[in-house]
Amino acid sequence: MENLLSYGFLQRALLAGAFIGLACALLGVFLVLRKDAMVGHGLSHVTFAGVALGLFLKLMPLGMALVTALVAALGLMKLKEKGGLYGDTALGIISSVGLAVGVLLATLSHSFNVSLFNYLFGEILAISGLEVWLSLGLAVVVLAAVLLNYRGLLFLTFDPESARASGIKTSRLETLVAVLSAVTIVLGIKVVGILLVAALLVIPAAAGLQLARQFRQALILAALASFLSVAGGILGAFFFDLPASAAIVLLSFVLFGAAFITRRLRGAG
Amino acid sequence: MDSVAVDQDPLISVKHISFRYAGRPVLIDVSLDVYAGNFLALLGPNGSGKTTLLKIMLGLLKPEEGDIVLLGQPIREFKEWNRIGYVPQKATHIDPFFPASVREVVAMALTRPSTGPDRGPVRRSREQAVDRALALVDMCAFGSRRIGSLSGGQQQRVFIARAVATRPRVLLLDEPTTGVDAENQARFYDILAGLNEKEGMAIVQVTHDIGIVDRHITQVACLNRSLAYHGSHEEFCRSQAFKDLFVEGNHLVSHRH
């Protein structure tokens, strides 16, 4: 194992994966409790359009993905607030249009190639040193934003009306959640790809929520589930020559299953 | 309507509030004042605008006409929301599996608008405020329990604790005993009476239950889109508003909490 961990690509993969997984888990707990678990799916489809646009224009695909994800996340928020649409309807519209635009651009630019597939399925084992630092930086921003606004986010998630009545600027927190969701989705693409990034947001959070009796516990358990999934998935992929993204997501599902069964055996409460 | 003798500034002043929803008038030129020491029951039939008025007082809805003055300041300039406590309608919408302990729920009220990590003295004072609030509602033993594992009556007591954790001057409650059994309702009203009489909190309670007019409350405001009555509870049962809204076509049965 010590020799294994001396491989540079594994060090980079584990480091970036751990931080990105942690950011996804923390934000994921809030999204799952707000019943916004599908936001990850919707935004990931939009990032496909961003990546395809980047490949089409020969600009930074992840940078374009971040821009499109931010626009979509903030647009989704406004559609729900002012457009009179149900949240899942707005998400369905944005998600479908994002995917369609991505397919169109990828076709026009003849981009259905290895490069696009790496974005679709992730390439954590091929992450570069620069990408590790970028990922770390963005993950730290996400972590800091969640921790600094922890109490306000908790109140907003538990009881939005009372949070507003107590003077908390809930619209600012909603915007923060939208922005963090977009950033975290784009970070997650490097680990598990566009098609599976939503799983990284949802499954570790769901696993943590099965066992937690307090909110802090939920965050810690989700982070632990995420770390174990990412680390185990990456190592499993290396040892057994498996796709890392699938290994990570499947391992997170196994951990969720174990938490689910433990909760049932323990009894609710 | 009966006049109310005043010798101090009102804590909440509702001035000529009108509100429409989808073109339909919900509140028409409603004015009333809430003073220190008041225990005001906001009564009225379904659709009379009671909850709407409460939400306007809390800044959750904007009226089309009129103004609200809170603790001497117009609501649009008001920032001391920790001085106004709010207990929402019985939280049937609260997720029973939400992983928050009773202490975490009460501590939510102590969220500072400019949030940041707690340092030692802030954390200690926060814990003391939570302890004090839970003691007021006799829920200290339940601090580490998950909120969803409590009964409806216990949950409402936790929400009162949350609302009073910042020691507000006014407590606003929206039909807080809906779905709560009779025994817990009695306990609930005893807690409110204690907050009003011993802690000096003014209380405004939206309710359907005219039975609470018998005890505890000092003032009644009766709404049916406009203010049909505002005055003492003694006069309320003899008033025309009472007859029009609660007696006509009904058989009146009195009960005590």
Among (1) away from every other protein chain (no Cβ under 14 Å); (2) more than 23 Å from A:Phe121 (Cα to Cα); (3) of a type in the set (Lys, Arg), there is one condition A:Lys190 misses while meeting the rest; what is its number?
(2)
Among the residues of the range B:104-118, how many are more than 24 Å from B:Ala186 (Cα to Cα) and either away from chain A (no Cβ under 13 Å) or at pLDDT 75 or above (or both)?
6
Counting residues that are on the phi < 0 side of the Ramachandran plot, over 18 Å from the mean Cα position of the chain (by Cα) and crowded, with 21+ Cβ neighbours inside 10 Å, which strands (runs of 3 or more DSSP E) fully inside the range B:11-78 reach at least 1?
B:12-21, B:24-34
Pairs where the first residue, in the range A:59-81, is farther than 17 Å from A:Leu105 by Cα and the second is among the hydroxyl-bearing types (Ser, Thr, Tyr), C-beta under 6 Å, 6+ apart
A:Ala73/A:Ser181
The range B:168-184 - residue that is assigned to a loop (DSSP other than H, G, I, E, B) and under 14 Å from the mean Cα position of the chain (by Cα) and, of those, farthest from B:Tyr86 (Cα to Cα)
B:Thr178
Can you spot a residue in the range A:239-260 that is within 14 Å of another protein chain (Cβ to nearest Cβ) and either buried (at least 24 other Cβ atoms within 10 Å of the Cβ) or within 15 Å of the chain's Cα centre (by Cα) (or both)?
no
Looking at the range B:149-167 only, could you name the residues that are buried (at least 23 other Cβ atoms within 10 Å of the Cβ) and under 9 Å from B:Ile84 (Cα atoms)?
B:Ala163, B:Val164
Output for Cβ contacts, cut-off 8 Å, separation at least six or different chains, first residue more than 8 Å from chain B (Cβ to nearest Cβ) and touching a residue at least 24 places away in the same chain (Cβ under 8 Å) in the range A:153-174, second surrounded by fewer than 23 Cβ atoms within 10 Å (Cβ to Cβ) and polar (S, T, N, Q), reads A:Leu173/A:Asn149
Can you confirm whether B:Arg124 is surrounded by fewer than 16 Cβ atoms within 10 Å (Cβ to Cβ) and either at pLDDT below 95 or more than 8 Å from every other protein chain (Cβ to nearest Cβ) (or both)?
yes
Inside the range A:181-201, can you point out the residues that are part of a helix (DSSP H, G or I) and surrounded by fewer than 24 Cβ atoms within 10 Å (Cβ to Cβ)?
A:Val183
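Residue-wise test of (1) of a type in the set (D, E, K, R); (2) closer than 25 Å to A:Gly137 by Cβ.
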site	(1), (2)
A:Glu161	yes, no
A:Leu173	no, yes
A:Ser181	no, yes
A:Gly193	no, yes
A:Leu211	no, no
A:Ala218	no, no
A:Phe240	no, no
A:Arg266	yes, no
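The values are calculated or read from the model by the stated rules, or taken from the named source; none is laboratory data. Computed from a predicted model, the values in this text were never measured in an experiment. So basically every Cβ, Gly included, is an ideal-geometry build from the backbone, and we count neighbours across all protein chains shown.
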